[in-house]
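Down below is the structure, laid out as structure tokens.
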Amino acid sequence: MTPRGFARRLASRLVSLVVIVLLGGFAAAALVRYSPGFASLPEDLDPSISPETLRALHAQNEDSNPLPVFYARYLAGTFHGGFGVSTSLNQPVAELLRRRAPVTVRLVAEGTAGGLLLGSLLAWAAVWTRCAYLQTVAVSLTGLFLVVPPAVLALVFFFNEAPLAIAVALAVFPRLFGTLRALLGDLYQSPALLAARARGLSSATIATRYVLGAASGQLIAITGVALVLAFGSAIPIEVICGIPGIGALALQAAIGRDMPLLCALALIITFFVTAIHTFGDLIE
Amino acid sequence: MRRKLASAILILVALCALFAPAIAPFDYDRQFRESPHAAAGGQFLMGTDNLGRDRFSRLVYATRISIVLAPAAAAVSVLLALMLSRFSSLTTLCLSLPWIFLFIIMRALLPLDTGPFASILLTFALMGVAGWAWPARIFNASIRQIRQSGWLLQARASGMPSRRIALIHVWPHLRAIAVAQFRVLVPAYILSEASLGLIGLGVAEPLPSWGNLLAELQRPQAVSANPWILAPLGLLMLVMICLEEVSA
């Protein structure tokens with residue numbers, strides 16, 4: 001592709017990234033606003049509260065702005081440097097995000113790295129060694145971890161006081177194994193690698209010079225997918241193990257019907273997921 | 001051989017789920033208040049939970065819910081994917097949305113007094129609606145491929161009406177993809193329900209599902225006292241492995 005063509009493609013991807021992020025935020029706000037339980041309060045279940053008090057509480061919590069107006073005002077506020085104030089936690093959303101995001105980022109990054117490493121090692125063992133025993137072990141391990149819910153893995157690690165990033169890695173690697181094995185299998189049969197092996201190059205040289213070089217584009221795309229998978233696994237893990245990250249914050253915000261916080265989380269998470277997909281597409 | 005064994009196990013589990021009232025010795029919500037945390041034995045095959053409910057009976061009924069509703073949600077997703085696959089921009093948008101995040105939010109936002117049956121239907125309906133985008137992308141790609149095929153051109157050139165082309169020529173191709181997508185989605189939804197149940201956002205009590213039965217794993221002391229608490233996890237893994245084997 002020519003530099004001009006690439007620039008045009010990049011510009012179009014960036015525009016679609018912005019549109020998707022804005023639509024994603026709006027979709028989240030609409031889902032929250034029109035969900036059947038948006039207006040309900042914990043006090044609804046308390047029989048000791050009189051109907052008049054309940055009505056007053058509902059009136060106090062009701063947002064009179066129509067959704068598009070709320071969203072437009074919210075976005076305008078966001079562009080002026082802040083995500084507003086959390087209605088359930090009474091703190092600036094930006095401050096909450098600054099405190100919580102590093103926990104999730106670390107969990108996701110470590111889980112992704114672990115998942116990629118484990119998936120690559122098993123894929124290498126299955127393809128490169130040509131050992132039937134290793135292939136069976138790799139496929140069986142993958143199959144085993146594919147059928148265990150990530151939250152159960154997290155509980156095992158949590159009660160044994162082991163790093164939870166391993167649980168994320170174990171949830172991620174089976175979903176990457178198939179793609180990595182196919183990628184390595186194609187490379188293994190390529191004429192360049194056949195020639196390198198025939199020349200007697202060591203496995204380490206072949207791996208670093210030929211495999212990493214030839215598959216770097218696809219590996220970056222797979223890393224993007226791994227990041228999204230790790231994020232998806234990290235959310236229930238954070239909730240169940242009480243880790244103060246973005247996942248736990250999202251649940252807290254949902255339970256507290258906290259629109260500013262939910263919109264901010266939706267915008268950020270949609271940006272994260274879409275940016276990864278866009279980057280993967282551009283690399284491809 | 002392995003595939004036949006997996007199919008046989010799945011049929012057996014499905015039959016157990018179908019005839020749950022005949023197999024389970026008690027109702028799923030019957031409480032034996034004099035014997036909470038009872039050990040496994042003659043009266044209670046797998047012991048009782050903290051409310052004195054028979055674990056075996058609850059497992060049989062939970063299997064019924066998970067086994068029946070996950071395929072129903074998968075069918076909804078595939079149907080939606082077939083209907084919406086032509087809107088590729090909508091598919092791209094939906095693929096970019098963080099569905100696990102939105103799903104947790106939507107489930108958490110349900111009214112606090114949502115009944116157990118409504119919670120089942122809403123949980124699986126949300127899964128069905130949320131999961132259509134991946135199959136839609138695959139349908140979209142194959143429809144594009146089919147449009148460029150020589151046989152379709154020939155069918156058009158011979159003056160065949162569009163509806164007949166769609167039913168006789170295109171649908172058999174899409175049907176295979178629909179079945180494959182359905183097989184992929186069923187285990188995914190079973191796992192999703194289990195994860196949601198574990199964090200308390202799945203099927204509401206007192207109705208049992210594999211997800212809310214797994215929530216007992218959060219008490220490790222109880223697990224060491226009665227290892228039958230692990231039975232739902234074992235059954236879930238067995239069914240998932242069999243589904244993978246049958247889909248392979």
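The values are calculated or read from the model by the stated rules, or taken from the named source; none is laboratory data. Remember, predicted model here, so these are calculated numbers, not experimental data. With ideal geometry, Cβ positions are generated from the backbone for all residues, glycine too; neighbour counts draw on all protein chains shown. Calculation scope for accessible area: heavy atoms of the full protein, side chains included, ligands and nucleic acids excluded. Shrake-Rupley method; radii C 1.70, N 1.55, O 1.52, S 1.80 Å.
A few notes on this one:
Residue-wise test of (1) modelled with pLDDT of 90 or more; (2) under 20 Å from B:Ile199 (Cβ atoms); (3) away from every other protein chain (no Cβ under 14 Å); (4) within 23 Å of the chain's Cα centre (by Cα).
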{"position": "A:Leu116", "(1), (2), (3), (4)": "yes, no, yes, yes"}
{"position": "A:Gly119", "(1), (2), (3), (4)": "yes, no, yes, yes"}
{"position": "A:Ala126", "(1), (2), (3), (4)": "no, no, yes, no"}
{"position": "A:Val137", "(1), (2), (3), (4)": "no, no, yes, no"}
{"position": "A:Leu144", "(1), (2), (3), (4)": "no, no, no, yes"}
{"position": "A:Leu153", "(1), (2), (3), (4)": "no, yes, no, yes"}
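- Exactly one residue out of A:Ala275, A:Ala254 is under 30 Å from A:Val69 (Cβ atoms), in contact with a helix residue (DSSP H, G or I) (Cβ under 9 Å, 6 or more places away or on another chain), within 9 Å of chain B (Cβ to nearest Cβ) and in a helix (DSSP H, G or I), and it is A:Ala254.
- Within region A:207-249, considering residues that are polar (S, T, N, Q) and surrounded by fewer than 24 Cβ atoms within 10 Å (Cβ to Cβ), the one nearest to A:Val148 (Cα to Cα): A:Thr223
- Selection count, region A:234-251, where residues are small (Gly, Ala, Ser) and either farther than 24 Å from B:Leu191 by Cβ or not in a loop (DSSP other than H, G, I, E, B) (or both): 4
- Here A:His80 meets the list (1) free of Cβ contacts under 8 Å to residues at least 12 places away in the same chain; (2) open to solvent by less than 20 Å² (accessible area, probe 1.4 Å) almost entirely, failing just condition (2).
- Candidate set from region B:202-241 (those that are assigned to a loop (DSSP other than H, G, I, E, B), more than 20 Å from B:Phe44 (Cα to Cα) and open to solvent by less than 20 Å² (accessible area, probe 1.4 Å)); member that is farthest from the other protein chains (Cβ to nearest Cβ): B:Val203
- Count of region A:116-136 residues which are closer than 25 Å to B:Leu238 by Cβ and open to solvent by less than 30 Å² (accessible area, probe 1.4 Å): 3
- Among the residues making up region A:59-76, those that are more than 26 Å from the chain's Cα centre (by Cα), at pLDDT 70 or above and in a helix (DSSP H, G or I) are A:Ala59, A:Leu67, A:Pro68, A:Val69, A:Phe70, A:Ala72, A:Arg73, A:Ala76.
- Within region B:9-28, the set of residues being surrounded by 15 or more Cβ atoms within 10 Å (Cβ to Cβ) and out of contact with any Leu (no Cβ under 8 Å at 6 or more places or on another chain) comprises B:Ala14, B:Cys16, B:Ala17, B:Ala20, B:Ile23, B:Ala24, B:Phe26.
- Test: A:Val139 is open to solvent by less than 60 Å² (accessible area, probe 1.4 Å) and closer than 25 Å to B:Pro187 by Cα: no
- Residue in region A:170-180 that is farthest from the chain's Cα centre (by Cα), counting only those that are within 13 Å of A:Ala234 (Cβ to Cβ) and open to solvent by less than 10 Å² (accessible area, probe 1.4 Å): A:Ala171
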